[in-house]
Amino acid sequence: MRFAKHEWWLPKIFCLIAACALWVYVMNEQNPMVENTYTVPVEVRNLDRSLVATNVPHKVKAKIRMPRSDMVYMRSDNIKAYVDLSGLTDGDFPNTKIHISVPGDESVISVTPEYFDLNIDTYAVKTLPAVIEVFGTPDANFSVESRKATPDTITIAGSSSKIAEADRAVVSVNVSGKDKNFVEFDSVNVLDADGNTVTGLDVMPSQVRINVKMKEETRIGNLPMKAETTGEPAKGYKVGKITVDPPVATLTAPISYFEKNSVLSLDPIDVTGASDTIRKTVTIPKPAGGSITVSQTTVTIEIDKD
């Protein structure tokens with residue numbers, strides 16, 4: 001039996017169509033299209049350097065459709081979310097669209113949020129002194145003597161309207177239970193006149209070094225003075241009665257000083273080779289961190305015959 005030429009090609013075409021259909025079926029079964037959601041940071045593109053965009057969402061959620069085999073390699077940083085601000089000046093721009101760029105054959109199903117109300121403002125810079133505010137209760141009998149920030153000025157930058165709101169740059173320091181000097185690094189918080197945090201600004205530096213000096217509370221008290229001797233009198237003599245005039249010192253000192261000291265010891269007086277009474281003016285030692293009412297006292301040492 002003889003067949004016409006076109007009759008030979010007809011079965012081949014049917015086989016090709018069947019093979020393609022089978023390939024599509026197998027691919028859909030083995031590598032189906034799937035959907036996944038990624039959180040992507042939003043970029044601001046093509047904005048003039050003298051301007052700053054506010055109200056731009058930091059991140060969006062993008063639902064992407066792709067072959068299942070591509071999902072293994074897909075990362076959020078492969079997806080780009082951006083707003084194109086070419087040619088825009090300062091002002092309000094409601095319903096600004098956020099664009100999504102995806103690689104390859106992937107497609108974007110949805111973006112949340114997809115639109116937002118954009119505000120563009122002029123760029124400004126301002127310098128504020130670093131204000132240190134302490135909170136908490138120090139250890140008993142202690143208080144803050146001084147505090148210092150390094151650096152002591154803070155630079156803020158951002159939209160003119162936000163800069164205008166900024167009233168002070170505050171660093172909060174916790175002194176709870178403190179009884180010694182300390183150094184730490186703390187964050188800077190920019191506040192408005194009502195004490196509310198002003199957000200959306202670049203703060204430089206964002207942390208500062210804080211040096212806090214603590215001081216122990218003092219009180220006035222009286223302590224008896226004690227005189228001592230060193231060396232040996234002349235042969236046949238001995239140290240007799242020792243008198244201190246005045247016998248008591250009035251001093252202002254840290255509270256712990258009085259807790260640790262019940263008497264005030266004077267520097268020893270040398271009696272080496274003495275055969276007669278010694279009378280000497282002695283400087284009263286001043287307590288650390290305190291003061292003394294009278295700086296000197298008279299010590300009389302009687303030298304008696306042995």
- Query: Residues 213, 305, 238, 226: which one is within 50 Å of the chain's Cα centre (by Cα) and more than 30 Å from residue 55 (Cβ to Cβ)?
  - Reply: 213
- Message: I'd like to verify a number: residues in the stretch 42-63 that are in contact with a helix residue (DSSP H, G or I) (Cβ under 9 Å, 6 or more places away or on another chain) and under 16 Å from residue 103 (Cα atoms), how many?
- Response: 1
- Just give me the residues in the stretch 220-236 being loosely packed, with under 15 Cβ neighbours inside 10 Å and either of a type in the set (Asp, Glu) or touching a helix residue (DSSP H, G or I) at 6+ places or on another chain (Cβ under 6 Å) (or both), in sequence order. 228, 232
- Scanning the stretch 161-206 residue by residue, those assigned to a loop (DSSP other than H, G, I, E, B), over 20 Å from residue 151 (Cβ atoms) and acidic (Asp, Glu) turn out to be 179, 192, 194
- Here the residues within the stretch 259-281 that are without any contact (Cβ under 8 Å) to a residue 40 or more places away in the chain and either hydrophobic (A, V, I, L, M, F, W, C) or in contact with a helix residue (DSSP H, G or I) (Cβ under 9 Å, 6 or more places away or on another chain) (or both) are 278
- Query: Can you name every residue in the stretch 207-218 that is part of a strand (DSSP E or B) and either assigned by TED's automatic domain parsing to the domain that holds residue 55 or touching a residue at least 40 places away in the same chain (Cβ under 8 Å) (or both)?
  - Reply: 208, 209, 210, 211, 212, 213, 214, 215, 216, 218
- Note on the structure: By residue number, the members of the stretch 282-306 that are in contact (Cβ under 8 Å) with a residue 40 or more places away in the chain and of a type in the set (Ser, Thr, Tyr) are 291, 293, 297, 298, 300
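The values are calculated or read from the model by the stated rules, or taken from the named source; none is laboratory data. These numbers were taken from a predicted model, which means no experiment stands behind them. All Cβ positions, even for glycine, are placed from backbone atoms using ideal geometry, and neighbour counts span all protein chains on display.
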